[in-house]
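Here is the structure we will look at.
The values are calculated or read from the model by the stated rules, or taken from the named source; none is laboratory data. Here the structure is a predicted model, which is why all the values come from computation and not from measurement. Please note: Cβ atoms are built from the backbone with ideal geometry, for glycine as well, and neighbour counts cover all protein chains shown. When the accessible area is computed, the model is the full protein with side chains, heavy atoms only, and any ligands, DNA or RNA have been set aside. Shrake-Rupley method; radii C 1.70, N 1.55, O 1.52, S 1.80 Å.
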Amino acid sequence: MRMRTLLCAAAAAVALVVSGAGTAAAGAGRDTAPTRYLGIFREEDPTTIAANVRSLYGVTPASVMWFDSWASGRPFPVAEARTLWRHGIMPHYTWEPWDTALGPDDPAQIHLQDIIDGSWDGYITARAKEFAAVRMPILVRWGHEFNGNWYPWGIANNNADPAQYVRAYRHVHDLVVAAGARNVQWVWAYNNGSSPDAPYNDPAAAYPGDAYVDWVGIDGYNWGFGPSWDPAGDHWTTFDETFAAAYAKARAVAPNRPVTIAEFASTEDGGDKAQWLRNMNATLRTGAYPDLKLLTYFDLTKEEAWSPGSSPAALAAFTSWVGQRYMKGRGAELARIAVHYRR
């Protein structure tokens, strides 16, 4: 996660998409909330995340997310993924093609052409065999936030050519499938605003196609007042201001795929975080964003105090939200959603 450029929410067209007009979801047009699924990221081992979420917030998440970089060379934790499934939790693996010790422009960094040329085929195939060994569905989010300039796989750092990203994505996907990992559900995830905001950096230009995507993901944050990348700026945005335009794009680009907010959170700086969470809950309860099924909260104090426990009021609002009836979806149900949208 790096500096975000937020899209403005607005326009009647966005409002129509958010309210469900013309979407493919089973719950579109209803006046009550469709079932949503809770995902959590914490900087812990996958099974530890699940245990701590239950202890801290009184719920079992439908999914837990963790990150790994290609240069780490770590195997996929098959045993932990199976343990998650024994507790009814779907694994969500953010698979980052970079060396975290190097900057995006370092000559030794991993870039998309290296992937296309096959330099990482052995590594990809080894991980794919481990994915297959889980023998249960797993979400894999590869090369996320490609429309930002903070990661080496970003379009801006690869000749400003979205086709290069598509070729790399398809290459990784095809190797994984060829290795037998047909249990993977692929999450194609963009940032809610492009940086730079240029025609070549429109996520639509980097869509690999329905044959390669099971979920459309959106990352976005309420940065509030004075984030590190703009100390004098006011970037407080409501849930709708953060996600409405990006959700409308998801429906336009891939209307037959479910949507996940793959990373989100609110800061405490510049507004009322507890009220932000309550307003989000109220919005979701109306049935808005009907194709939005999985919401993964970024439970970490990093650039900002994202964690739900940043204040007693925020913790109470978050706990109330995750305890809502419409948020009671379980991992086994979550795993079937992408299959439903493919019909």
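Quick notes on this one:
- Database remark: amide H of residue 297 closer than 5 angstrom to the amide H of 39, 40, 41 (H placed geometrically; neighbours at sequence offset of 5 or more, or on other chains; Pro and chain starts carry no H).
- What separates the Cα centres of segment 213-291 and segment 175-190 is a distance of 26 Å.
- Value in Å of the Kirkwood radius, where segment 129-262 supplies the Cα pairs that are averaged: 15.8 Å
- Counting only DSSP beta bridges whose two residues both lie in the chain, roughly 5 percent are antiparallel.
- Seen from residue 76, the other residues with C-beta closer than 14 Å to its C-beta sum to a net charge of +1, counting Lys and Arg as +1 and Asp and Glu as -1.
- Rg over Rh for segment 187-343 works out to 0.97, using Cα positions for both radii and the Kirkwood form for Rh.
- For segment 78-187, pairs of C-alpha atoms spaced more than 16 angstrom apart make up 59 percent of the total.
- Relative intensity, log₁₀ I(q)/I(0), of segment 286-343 from a Debye sum that treats every alpha carbon as a point, q = 0.17, 0.26, 0.30 Å⁻¹: -0.75, -1.13, -1.23
- Accessible-area composition of the chain, carbon plus sulfur, in percent [1.4 Å probe]: 52 percent
- Charge context of residue 298, other residues only, Cβ under 11 angstrom, K/R +1, D/E -1: -4
- Mean projected area (nm²) of the alpha-carbon convex hull when segment 28-97 is viewed from all directions: 6.3 nm²
- Zero-based 10 Å bins, Cα pair distances in segment 92-137, whole percents: 23, 45, 26, 6
- With viscosity 0.890 mPa s and temperature 25 °C, the Kirkwood radius over alpha carbon pairs of the chain converts through Stokes-Einstein to a diffusion coefficient of 122 µm²/s.
- Under 11 Å, Cβ to Cβ, from residue 60 - net charge with Lys/Arg +1 and Asp/Glu -1: +3
- Accessible area per residue for segment 140-224, computed on protein heavy atoms with a 1.4 Å probe, is 26 Å².
- Rounded D (µm²/s) - segment 67-113, Kirkwood Rh over Cα pairs, Stokes-Einstein at 4 °C, 1.567 mPa s: 104 µm²/s
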